[in-house]
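K.L.:
Just passing along the structure, written as structure tokens.
Nothing in this text is a laboratory measurement; each read-out follows from the coordinates by a stated rule. Keep in mind it's a predicted model, so treat the numbers as computed, not measured. When we count neighbours, we look across all protein chains shown, and the Cβ atoms used for this are built from the backbone with ideal geometry, even at glycine.
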Amino acid sequence: MVKFLGSIILLGMSIVAQAIEPFQPLPAQPPIPKDNPQTAEKIELGKQLFFDPRLSITGTHACISCHNISAGGEDGRAVSTGVNGRVGMRNTQTIWNAAYHTAHNWDGGAKTLEEQFKGHVLDSRIMGMADGATLVARINTIPGYRSQFEQVFGRDGLSYDNMANAIASFERTLVTPNSAFDRYLRGDKTVISASAKRGFQEFVDIGCASCHFWVNLAGPIPGLAFQQGEGFYELFPNYPGTDYERRYNLAQDLGRYHLTLDSGDQRMWRMPSLRNIAVTAPYFHNGAVKTLDEAVRVMAMTQLKRELSDAQISDIVAFLNTLTGEFPEIRLPRLPQTPNRSALAGHDD
């Protein structure tokens, strides 16, 4: 641990007045923005919206369609299929613990969960709405939602911004604490196996922890060296030209470059979390790798130029399995209805 602190310093973290450990248990609550405080009523409203397919142009896709919180928080597909059968560009990342990220999406294109929701609503490959006003007009035809927005947001009531605020508030409750690794970090040294302990040491020694550290194993959380909206990025593949790169088309997508058109951003990606990694296959931005042991082999060669033995792979996978947290029970919400008519009438594609 002490040795690894040096690599954190090299990442530019100038943190004083407290001792910093590179690995810490997941906090019970992620950072909450001052301009969108949590309330029970807002969270419940956000949960309804999260499950409601009427937020998509065709009335067929909700947030839950791609972010299945009954499972790993994604959809198990290489890339998702959105409205009108349109195929997405990248693998869906888990929504569990996403609130601990400093930026969102594979390319960091969304600075906040609120901004991410708005982008997904307007993406023709996801929910396909023409604009925020069109969505607000549709939701405004649902009496139950109108009254709820008035209760939660007062005079501001139903607006595109407040829809984003409500959904983001719900998403900030989607945390999976108390993994075996969390309990290990708190002092229970018997909770993980000898193989997992060896895997954790390998994970640090070979350099995986240079990028995958801190509470979400995805770099700093908001307020710690990086503010919300400032992404923590890494080059992938770091060592181009490997057989793995060709086999899985890992360099075909230029990553953040598509967003910024800055040549320095080619193949740069926001650091994904490793929490619950064992239950969120397939792996990488294109979902090309189906198994966790193969993903470890790919990462070792493409990022560190290391060929690991089967024993090393087995131990690292054992460690990664300790990162699966406790998933809270999510009760299916009852959605407000539109008696005698459809909220989709006049708004269909």
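K.L.:
Can you give the angle from 0 to 90° between the axis of helix 143-153 and the longest principal axis of the chain, with both taken from C-alpha atoms, to the nearest 10?
P.N.:
Helix 143-153 and the main axis of the chain meet at about 60 degrees.
K.L.:
Using only Cα atoms, find the angle between the long axis of helix 310-321 and the longest principal axis of the chain, and express it within 0 to 90 degrees, rounded to the nearest 10.
P.N.:
Roughly 40 degrees between the two axes.
K.L.:
Starting from the exponent 0.38 and prefactor 2.2 Å, build the expected Rg for the stretch 288-349 from its residue count and divide its actual Cα Rg by it.
P.N.:
Working: Rg = 23.1 Å, N = 62, 2.2 N^0.38 = 10.6 Å.
Relative to the rule-of-thumb radius for its length, the stretch 288-349 sits at 2.19.
K.L.:
Output the 0 to 90 degree angle, nearest 10, between the alpha-carbon long axis of helix 40-51 and the longest principal axis computed from the alpha carbons of the chain.
P.N.:
Once rounded, the angle reads 90 degrees.
K.L.:
Here is a follow-up. Note down the net charge around Asp253, summing +1 for each Lys or Arg and -1 for each Asp or Glu among other residues with Cβ under 11 Å from its Cβ.
P.N.:
Cβ neighbours under 11 Å give a net charge of +2.
K.L.:
Still on this structure, I have one more. If you average 1/r across every pair of different Cα atoms in the stretch 73-113 and take the reciprocal, what Kirkwood value do you get, in Å? Mind dumping the intermediate values first?
P.N.:
Details: mean 1/r = 0.0890 Å⁻¹.
Final number for the Kirkwood radius of the stretch 73-113 is 11.2 Å.
K.L.:
Answer rounded, prolate or oblate for the stretch 104-257, using the Cα gyration tensor with square roots of eigenvalues a ≥ b ≥ c: rounded when a/c is under 1.5, else prolate when a/b is larger than b/c, else oblate.
P.N.:
Cα axes put the stretch 104-257 in the oblate bin.
K.L.:
So how do 223-232, 75-84, 294-303 stack up, highest first, on mean other-Cβ count within 10 Å?
P.N.:
Packing proxy ranking, top to bottom: 294-303, 75-84, 223-232.
K.L.:
In nm, what is the difference between 0.36 nm times the number of residues separating Arg341 and Thr260 and their Cα-Cα distance? Let's see the in-between values first.
P.N.:
Values: separation 81, 0.36 × 81 = 29.16 nm, distance 4.42 nm.
Once the chain is fully extended between Arg341 and Thr260, it gains 24.7 nm.
K.L.:
Then there is this: Kirkwood Rh over alpha-carbon pairs of the chain, then Stokes-Einstein at 4 °C and 1.567 mPa s: what D in µm² s⁻¹, rounded to an integer?
P.N.:
Once the numbers are plugged in, D ends up at 61 µm²/s.
K.L.:
Follow-up question, since we're still on this one. Taking Cα atoms of the stretch 16-145, Rg/Rh with Kirkwood Rh, to two decimals?
P.N.:
Here the Rg-to-Rh quotient is 1.00.
K.L.:
Another question about this same structure. Kirkwood hydrodynamic radius of the stretch 261-314 from all distinct Cα pairs, in Å?
P.N.:
Computed over the stretch 261-314, the radius equals 12.6 Å.
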